[in-house]
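My questions all concern the structure below.
The values are calculated or read from the model by the stated rules, or taken from the named source; none is laboratory data. This one's a predicted model, so the numbers in the text were calculated from it and none came from an experiment. Glycine gets a Cβ as well: all are built from the backbone with ideal geometry, and neighbour counts include every protein chain shown.
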Amino acid sequence: MNWLVQIVGHVRDFFRPRYRAVYSDDLPDILVRQKVYLIGEDRDPWQAAMVCPCGCEAKIQLSLVPDDEPSWRAAVDGAGIVTLHPSIWRTRGCYAHFFIHQGKIKWAKDSGRAH
Ligand SMILES: [Zn+2]
């Protein structure tokens, strides 16, 4: 029955809400889950922000400035679905380590470990 478990997993994955972009001039005080906030004027974001997907509710802020170290690249498709590159690994708290690819969270095997 392993195949059935796999199919159920795929179906569940298909219907899981994807992370979508929200453009904002300033970082909002309260962030909503399943959103990636792209902060900057004229849709030219310099920062991405989101709630940690592990459930710890931490606010994650990522620089999109290419010269910053580290910095990330955000790609948004026509439906507002977000891809972030490279992966996000929190340096404190929950140490969540994950990828956001086409709006979906993919957990790294070493997530939760300090680095
Ligand atoms: Zn977390």
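Any residue at all in the stretch 16-30 that's touching a residue at least 24 places away in the same chain (Cβ under 8 Å) and among the hydrophobic types (A, V, I, L, M, F, W, C)?
Yes, there is a match, as at least one residue in the stretch 16-30 is touching a residue at least 24 places away in the same chain (Cβ under 8 Å) and among the hydrophobic types (A, V, I, L, M, F, W, C).
If HIS115 satisfies all but one of (1) at pLDDT 95 or above; (2) more than 23 Å from VAL22 (Cβ to Cβ), what's the number of the condition it fails?
Here HIS115 clears every test but (1).
Taking the residues in the stretch 87-108 that are away from the ligand (no atom under 16 Å from the Cβ) and part of a loop (DSSP other than H, G, I, E, B) as candidates, determine which candidate is farthest from GLN34 (Cα to Cα).
Residues of the stretch 87-108 away from the ligand (no atom under 16 Å from the Cβ): 101-104.
Among the residues that remain, those that are also part of a loop (DSSP other than H, G, I, E, B) are: 102-103.
Numbers: GLN102: 12, GLY103: 9 Å.
Taking the candidates together, the pick is GLN102.
Could I ask something else about it? Which residue pairs have Cβ atoms closer than 9 Å, lie 6 or more positions apart in sequence or on different chains, and pair a first residue in the stretch 50-70 that is farther than 19 Å from GLY103 by Cβ and of a type in the set (S, T, N, Q) with a second residue that is more than 13 Å from the ligand (Cβ to nearest atom) and part of a loop (DSSP other than H, G, I, E, B)?
GLN61/LEU27; SER63/TRP46; SER63/GLU69; SER63/PRO70; SER63/SER71; SER63/TRP72
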